[in-house]
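Values quoted throughout were computed directly from the atomic coordinates according to the rules given, and no laboratory measurement underlies them. Computed from a prediction, not measured in an experiment: that's the story for all the values here. Note: ideal-geometry Cβ built from the backbone for every residue, glycine included; neighbour counts use all protein chains shown.
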């Protein structure tokens, strides 16, 4: 379970809070009783970021495979129509997008 501290405590004792993260684990920082941010050891942060990236890669692969499977069953004329529609929609997008 994460340690919970008030933001004012963390402001007054930042170095001590960092030490606690290193020794005891995650610290959730609350402001007005509401969790706002968390402090985690850097190695854990890197692992969380990598796990998130891997999850997104898996989801992208699954979406790509699903789209390819649907496209495999489309007749050529429908594929051409979808390509043309995508070209038209792309060229109609505002230049600031």
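Summary of values
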| read-out | value |
| --- | --- |
| Under the Debye formula (equal points on every Cα, no solvent term), log10 I(q)/I(0) of the chain at q = 0.18 Å⁻¹ | -0.91 |
| Taking 77, 26, 19 and counting other C-beta atoms within 10 Å, the order from fewest to most | 77, 19, 26 |
| Residue 50/residue 18 FRET efficiency (R0 30 Å; Cβ-Cβ; nearest 0.05) | 0.85 |
| DSSP-defined antiparallel bridges as percent of all bridges, the chain, nearest 5 | 55 |
| Order of 92, 41, 84 - criterion: other Cβ atoms within 10 Å of each residue's Cβ, fewest first | 92, 84, 41 |
| Packing-based exposure ordering (other Cβ within 10 Å, fewest first) of 1, 22 | 1, 22 |
